[in-house]
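Student: Attaching a single structure in structure tokens format; questions to follow.
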Amino acid sequence: MNTRKRVLAWGAAILLLASCATNPFTGKKTLALVPNSQILPMAFQQYNQFLGDNKVVTGTRDAQLIKTVGQRIAKASERWLNANGYSGYLKDYKWEYNLVEDKTVNAWCMPGGKIVFYTGILPIAQNETGIAAIMGHEVAHALANHGQQRMSAGQIQQVAGVATSVAMSGKSQETQQIIGTAFGLGTQFGVMLPFSRSHETEADKIGLQLMAIAGYNPDEAANLWRRMKANSGGQAPPEFMSTHPSNDTRIANLTKWAPSAKAEARKFGVTTFK
Ligand SMILES: [Zn+2]
């Protein structure tokens, strides 16, 4: 195929797959490149591979706590969406919450609700409410589709092309890598690429509401970040701080937003917070 034909083919593929939708969590028009029903199964496969390559902690109190908090945050997401006229938004999600033995101070949520906490973050989370603050933030990134928005134009082309070729020929190793890039997994599995400042701020705000609707005290989110700051000694843990917003801005924002997160929770009949 010559260059011109190739460009036309890419263009056609993108037009075919792209559709504009309003993201319920951000209220922004986002370009949905590939439907969830097509892209999420690829994410699930990658998640399983990650679990296979790492030591998943099972049968401990901590492992159970990650699942308990995860289920409550997932339920809060569903309640919020249903109440706001977006029931069915999570129909292709297959929530899963795993604790992985690793000293890294990190946690992440892949699109489709696939969550990993590293044991290294637990001392900073400190308790169930701290875990909920982290979980709310990570799930918010996934729900707001920040992963897809982070892709460059070149990656968009790749993913559009991959979706087409997957439909025709099944999933190759190379396909998996490109999809991984689309989700921000980077070249190493489970190492998330940083989000932009606006995405971080958005995830903080949405995450705070999710934790409150799930029955966790949103006032504790600011305290979590104080501990994160004390632990980091000026150095940012991989996903969380990604250099911005600064810890202090983040703590100030979370403190300012906590009352409105509680007000949001009250709409769902949640009036006490643990
Ligand atoms: Zn984040």
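Student: Sorted from fewest to most neighbouring beta carbons within 10 Å, what does the list E78, E202 look like?
Tutor: On the way: E78 17, E202 20.
Fewest to most other Cβ atoms nearby, the residues stand as E78, E202.
Student: Which of the trypsin sites (Lys or Arg not before Pro) across region 48-146 are loop residues per DSSP, with 16 or fewer other Cβ within 10 Å?
Tutor: The qualifying sites are K55, K91, K94, K103.
Student: Okay, moving on. So between K267 and N127, what do we pick up on full extension, going 0.36 nm a residue minus the alpha carbon distance?
Tutor: Fully extending the segment from K267 to N127 adds 47.8 nm.
Each value in this text was obtained by applying a stated rule to the coordinates, not by laboratory testing. What you see is a predicted model, and the numbers here were worked out from it, not measured in a lab. Every residue, glycine as well, gets a Cβ built from its backbone with ideal geometry; the counts of neighbours run over all protein chains shown.
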